[in-house]
Amino acid sequence: MLSAAAYNQPISQSTTLSIYAEFDNVSRRLLELADPTGLRVWKLLDLDDLPRWTAGRVVLLGDAC
């Protein structure tokens, strides 16, 4: 488990690839092509579903959700 202090900390490309070792070849290839200096780690959070995704003409999409 990551601590709050670990938010947005650099992670090596080799560590990243080892974490995703069981992923498909396409996903691993994308990680191999990533700029190693831009790789970061942070804790993903799982939140309860929203009762609705719209309010008038506004819709939540992607990471905003």
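The values are calculated or read from the model by the stated rules, or taken from the named source; none is laboratory data. Predicted model, so just to flag it, every value in this text is computed and none were measured. Here Cβ is always computed from backbone atoms with ideal geometry, including for glycine, and neighbour counts include all displayed protein chains. For accessibility, only protein heavy atoms count, side chains too; no ligands or nucleic acids. Shrake-Rupley method; radii C 1.70, N 1.55, O 1.52, S 1.80 Å.
Couple of notes before you dig in:
- Output for region 9-23, where each listed residue is outside any helix (DSSP H, G or I) and open to solvent by less than 80 Å² (accessible area, probe 1.4 Å): ILE11, SER12, ALA21
- In region 26-56, the residues that are at pLDDT below 90 and in contact with a strand residue (DSSP E or B) (Cβ under 7 Å, 6 or more places away or on another chain): VAL41, TRP53
- Any hit, region 39-46, residues being assigned to a helix (DSSP H, G or I) and over 19 Å from GLY62 (Cβ atoms): no
- When region 36-57 is filtered for residues that are open to solvent by 90 Å² or more (accessible area, probe 1.4 Å) and without any contact (Cβ under 8 Å) to a residue 24 or more places away in the chain, the ones remaining, listed by number, are LEU44, LEU45, ASP46, LEU47, ASP48, ASP49, PRO51, ARG52, TRP53, ARG57.
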